[in-house]
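The values are calculated or read from the model by the stated rules, or taken from the named source; none is laboratory data. All figures in this text were calculated on a predicted structure; none of them were measured in a lab. Backbone-built Cβ (ideal geometry, glycine too); neighbour counts: all protein chains shown.
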Amino acid sequence: MILPILQYGDPSLRAKGEQIKKIDSRIRELAANMIETMHAAHGVGLAAQQIGQPLQVTVLDVSAVEDRPSTLRLSGKDVEPKSAMPIVLINPEIELRGETEVGVEGCLSFPEITGDIERAQSVLVRAQTLEGEMFQIEASGLLARAIQHEHDHLHGILFIDRMKSAAKAALSSRLKRLQKETKRGVRHHEEFVSETTL
Ligand SMILES: [Zn+2]
C-alpha cells in the first residue's frame, strides 16, 4: 500500500523514533508499505517518521541510481549493492567512518528542494532484519550518504539542519512557504525526482 509522505512542517518529522521491541506482522507490513511508497516516489530511502510512524525503521534502495556508486559489505563480505536491495534497517546504530565529503541531497519530505550536505564517506551499521536477526553492514558512496540521511530522520533530524547557514538562509522563504502549505493541507505532487531523494 502506498502511504502519503509527510512534508516539512508536519511535527511527525521531528519525532524521535521509538526502539522496536517486537518485530511482528504489523512491523513487517509497515516495512513492505514503506518500500512500496519509496519506490512509487522514486526515492532511494524512506524513514518511518516520513509516513507518521515514530519508530526506528527505515528502508533504502539505491539500485536505480547509475551515476553515484556505492559499495556494500554484508557481514564482512563484499556484495554487489544492487543484489541486496531493498534494505530494511530496524533499530539501526551507525558509526561514521573515513573522511567527510560534500554531496547533493534531496528529501521526499521537501519537494523540489536540494542542498549540499557534508557526510562521512562510509558507515558501519548494526541493525536488525525483519526476522529479528542482528546484522552488520559497511557501506560507502551513495548508500552511506542515504543511511546517514535516514538515520537522522529516525532521530527527528532533517537535512536542512545540516546545511551551511548561508544555503539554509537562501532557502528560508521556500521553507516557510512549504511549512505554511503543509499546515493548510496542501500536498505537492510527488513527481519531483532529483538525483538523490531520500
Ligand atoms: Zn529525507
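Here are a few things to note about the model shown:
- Here the condition is being on the phi < 0 side of the Ramachandran plot, more than 15 Å from the ligand (Cβ to nearest atom), at pLDDT 95 or above and more than 15 Å from the chain's Cα centre (by Cα); of Gln19, Gln56, it holds for Gln19 alone.
- Qualifying residue in the stretch 127-150 (condition: small (Gly, Ala, Ser), in contact with a strand residue (DSSP E or B) (Cβ under 9 Å, 6 or more places away or on another chain), more than 30 Å from Lys22 (Cα to Cα) and within 15 Å of the ligand (Cβ to nearest atom)): no
- Among residues of the stretch 1-22 that are β-branched (Val, Ile, Thr), those with a beta-carbon under 6 Å from a residue that is in a loop (DSSP other than H, G, I, E, B) at least six positions away or on a different chain give the pairs Ile5/Leu108; Ile20/Gln56.
- Subset of the stretch 81-135 that is of a type in the set (Gly, Ala, Ser) and in contact (Cβ under 8 Å) with a residue 60 or more places away in the chain - its residue that is nearest to His155 (Cα to Cα): Ser109
- Test result for Ala64, touching a residue at least 60 places away in the same chain (Cβ under 8 Å) and more than 16 Å from the ligand (Cβ to nearest atom): no
- Qualifying position, being on the phi < 0 side of the Ramachandran plot, within 17 Å of the chain's Cα centre (by Cα) and either surrounded by fewer than 19 Cβ atoms within 10 Å (Cβ to Cβ) or away from the ligand (no atom under 16 Å from the Cβ) (or both), among Arg119, Arg162, Arg187: Arg162
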